[in-house]
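The next block holds one structure in the form of structure tokens; read it before the comments.
Taken together, the values in this text are just the output of simple stated rules run on the coordinates, not laboratory data. A quick note: this is a predicted structure, and the numbers were derived from the prediction, not measured. Neighbour counts run over all protein chains shown; Cβ positions are idealised from the backbone, glycine included.
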């Protein structure tokens, strides 16, 4: 079975849609890497572990950088729970807390 990449809900869809076009294209490209090659075969610089069950898809574009925070659930599903434009070196704690809170909504 192949991996799938999904968003949690319409709120996350809107966050993704708000990104500049080049960052959205990068998200689609990395998602395709995950579905075609398997998440276990896609590492840095595309994805990176944050903390607990939270990981990030790293997006770079002409206007800066953004992150799509996700968790994995069985069977082989990547669920994106938060998308935002990154303005500082570290991911703000409030973004991590929001992503972890949203991740609790997922039915496994």
- Query: Taking 0.36 nm per intervening residue step and subtracting the Cα-Cα distance, what contour gain separates residue 28 from residue 14 on full extension?
  - Reply: 3.5 nm
- Note on the structure: Highest GNM mean-square fluctuation among 87, 48, 60, for the chain with Cα springs under 10 Å, belongs to 87
- Query: For residue 6 and residue 85, what is the calculated FRET efficiency with R₀ set at 25 Å and r taken between the beta-carbons, to the nearest 0.05?
  - Reply: 0.70
- Task: Report, as a whole number in µm² per second, the diffusion coefficient that Stokes-Einstein gives for the range 4-103 at 20 °C and 1.002 mPa s using the Kirkwood radius over alpha carbon pairs.
- Result: 160 µm²/s
